[in-house]
Amino acid sequence: MLTISGKSFRLCDGLPRRDFLSIGSLALGGLALPQLLRAEQQAGARHSHKAVIMIYLCGGPPHQDLVDLKPDAPAEIRGEFNPISTNVPGIQIGEHLPRIAQMMDKFAIIRSLVGAEERHSSFQCATGRMFRAQPQGGWPEIGSVLSRVCGPVDPAVPATIDLSMHMDHLPFNLPGPGFIGMAHTPFKPSGEAMQDMVLQGTNIERLGDRSRLLADLDGLRGRVENRVAAERGDEFTERALGILSSSRLVEALDLSREDPKVRARYGQDDPECLPYSARGYQAHMSKFLAARRLVEAGARCVTVSFADFDWHGSNFTFGKKVFPLLDQGIAALVADLHDRGLDRDVSVVVWGEFGRTPKINANAGRDHWPKVAFALLAGGGMRTGQVIGETNRYAEEATSRPVTYQDVFATLYHNLGIDLATTTIPDLNGRPQYLAETQTPIRELV
């Protein structure tokens with residue numbers, strides 16, 4: 001990883017540090033950043049600016065405590081939380097989501113999400129695919145797909161950005177570009193996931209005068225040829241330097257530039273929202289704001305992991321703390337997108353890898369339940385203010401309109417203006433692979 005240090009400022013977690021940018025894919029697989037950019041261009045990417053923000057609720061959020069409450073069920077199923085009405089007549093959600101409830105007309109709830117694998121992993125949420133029976137190299141996550149198919153909007157802003165913290169349970173971390181290749185690895189503006197390689201004595205202000213150093217580090221040219229080539233310039237080296245030194249990306253990540261009133265709407269970061277938060281499961285409210293700023297700056301896909309929901313015990317104790325934070329962050333993000341006229345271009349999806357058991361266990365927790373889960377959708381020009389599908393009286397299984405992860409992905413790609421019937425990406429064996437198994441978006445949403 002390459003890190004360029006600079007002046008001191010306060011990061012979105014509220015801790016004062018020196019500023020930095022990290023190119024997470026630099027030197028991975030022996031590739032230099034200019035080579036990665038060249039490989040990206042060779043993909044024949046086309047340009048437009050639709051975007052996706054994915055909020056990954058790792059661990060499996062309890063659907064019956066958030067969006068599918070069953071107040072008439074026995075106490076050991078309905079739990080401690082009560083439903084509240086929303087601003088859409090006939091739709092109720094959990095009492096700890098009051099902000100979302102007051103703007104339910106801007107959301108769509110899928111209560112009948114089926115086909116989940118019982119795997120504690122981001123894989124299905126990030127790729128839409130089953131983990132088993134993968135092609136050589138593995139299925140790519142959606143951000144890598146968009147980087148490959150659409151390319152960057154702005155050469156100084158990576159197409160796909162991962163704002164998630166590094167989580168101790170490794171499968172929770174995003175799976176990466178799969179068979180698409182390292183050229184489309186998500187950019188992580190953090191050095192937490194791996195050891196940083198700091199360019200000593202080089203900061204953002206001086207980087208423009210140190211292009212030869214980058215060339216030397218990358219080993220792209222011989223010593224004599226470096227001098228000649230540096231004078232001529234190289235498109236991909238210039239673009240690499242553009243990402244590393246452009247103020248556009250730095251400014252998008254610098255939340256001190258945001259209107260304080262807007263920043264306050266998102267709430268305060270809570271790095272200790274759970275007793276085990278030190279393992280990477282934290283509630284960084286500011287990352288919702290950073291996601292909006294990044295798509296506005298040109299990112300096509302931004303992913304954010306939020307807290308953890310694998311509550312085999314103390315489900316309601318943890319829910320009382322985490323649910324209000326989630327409510328504030330998501331409501332602020334969606335309201336912000338509408339206020340800035342981005343609601344038709346930016347799709348938001350909030351979900352986890354499966355649901356939780358209807359019956360509460362002896363430890364006041366809910367266990368794994370892959371039979372049904374939920375998704376919360378907003379933006380993207382979708383028809384919102386509705387609920388799709390329903391479950392039985394105990395929230396055990398879908399009784400109408402089952403929707404798969406693939407259906408959701410087909411909808412996201414549709415919102416992005418991608419023709420799933422004609423768009424393919426070659427795998428490592430040269431076989432064309434469709435972006436999704438399902439090519440028809442969810443009819444109620446489009």
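The values are calculated or read from the model by the stated rules, or taken from the named source; none is laboratory data. Computed from a prediction, not measured in an experiment: that's the story for all the values here. Positions of Cβ are backbone-derived with ideal geometry, glycine not excepted, and every protein chain shown enters the neighbour counts.
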Original post:
Within the bounds of region 81-97, is there any residue that is of a type in the set (Ser, Thr, Tyr), touching a Ser or Thr at 6+ places or on another chain (Cβ under 8 Å) and closer than 29 Å to Ala410 by Cβ?
Top reply: no
Subject >> Selected residue (criterion: nearest to His284 (Cα to Cα)) from residues of region 153-172 that are crowded, with 22+ Cβ neighbours inside 10 Å and not hydrophobic (A, V, I, L, M, F, W, C) >> reply: Ser164
Original post:
Which residues, counting only those in region 320-348, are crowded, with 23+ Cβ neighbours inside 10 Å and closer than 24 Å to Gly417 by Cβ?
Top reply: Leu333, Val334, Leu337, Val346, Ser347, Val348
**OP:** Scan region 359-372 and report the pairs whose first residue is surrounded by 15 or more Cβ atoms within 10 Å (Cβ to Cβ) and whose second residue is in a strand (DSSP E or B) and of a type in the set (Lys, Arg), with Cβ atoms within less than 9 Å and a gap of 6+ or a chain change.
**Re:** Gly365/Arg356; Arg366/Arg356; Asp367/Arg356; His368/Arg356; Trp369/Arg356; Val372/Arg111
Original post:
Which condition number in (1) over 25 Å from Ala362 (Cβ atoms); (2) touching a Lys or Arg at 6+ places or on another chain (Cβ under 7 Å); (3) of a type outside the set (Phe, Trp, Tyr) is the one that Val302 fails?
Top reply: (2)
Subject >> Count of residues meeting criterion [within 15 Å of Ala283 (Cβ to Cβ) and touching a strand residue (DSSP E or B) at 6+ places or on another chain (Cβ under 6 Å)] in region 331-361 >> reply: 1
Original post:
Yes or no: Asp68 in a loop (DSSP other than H, G, I, E, B) and buried (at least 24 other Cβ atoms within 10 Å of the Cβ)?
Top reply: yes
Subject >> Of the criteria (1) within 24 Å of Ala291 (Cα to Cα); (2) in contact with a His (Cβ under 9 Å, 6 or more places away or on another chain), which one Asp343 fails >> reply: (2)
Subject >> Ala108 vs. criteria of a type in the set (A, V, I, L, M) and without any contact (Cβ under 8 Å) to a residue 60 or more places away in the chain >> reply: no
Original post:
Can you pull out the residues in region 71-86 that are on the phi < 0 side of the Ramachandran plot and either surrounded by 15 or more Cβ atoms within 10 Å (Cβ to Cβ) or without any contact (Cβ under 8 Å) to a residue 60 or more places away in the chain (or both)?
Top reply: Pro71, Ala73, Pro74, Ala75, Ile77, Arg78, Phe81, Asn82, Pro83, Ile84, Ser85, Thr86
Original post:
Just one of the numbered conditions (1) out of contact with any Lys or Arg (no Cβ under 9 Å at 6 or more places or on another chain); (2) modelled with pLDDT of 95 or more is not true of Leu69; which one?
Top reply: (1)
Subject >> region 328-384, residues that are among the charged types (D, E, K, R) and closer than 26 Å to Ala75 by Cα >> reply: Glu353, Arg356, Lys359, Arg366, Asp367, Lys371
Original post:
Where residues in region 264-310 are over 11 Å from the mean Cα position of the chain (by Cα) and polar (S, T, N, Q), which of them is surrounded by the most Cβ atoms within 10 Å (Cβ to Cβ)?
Top reply: Gln282
Original post:
Looking at this structure, is Arg99 surrounded by fewer than 23 Cβ atoms within 10 Å (Cβ to Cβ), touching a helix residue (DSSP H, G or I) at 6+ places or on another chain (Cβ under 7 Å), within 30 Å of Thr317 (Cβ to Cβ) and of a type in the set (Lys, Arg)?
Top reply: yes
Original post:
Considering region 241-270 alone, what residues qualify as being touching a strand residue (DSSP E or B) at 6+ places or on another chain (Cβ under 8 Å) and modelled with pLDDT of 95 or more?
Top reply: Asp269, Asp270
Subject >> Some residue of region 110-133 being assigned to a loop (DSSP other than H, G, I, E, B), surrounded by 17 or more Cβ atoms within 10 Å (Cβ to Cβ), modelled with pLDDT of 95 or more and hydroxyl-bearing (Ser, Thr, Tyr) >> reply: yes
Original post:
Which of the residues that make up region 373-420 are part of a loop (DSSP other than H, G, I, E, B) and surrounded by 20 or more Cβ atoms within 10 Å (Cβ to Cβ)?
Top reply: Gly380, Met382, Thr384, Gly389, Ala395, Leu416, Ile418
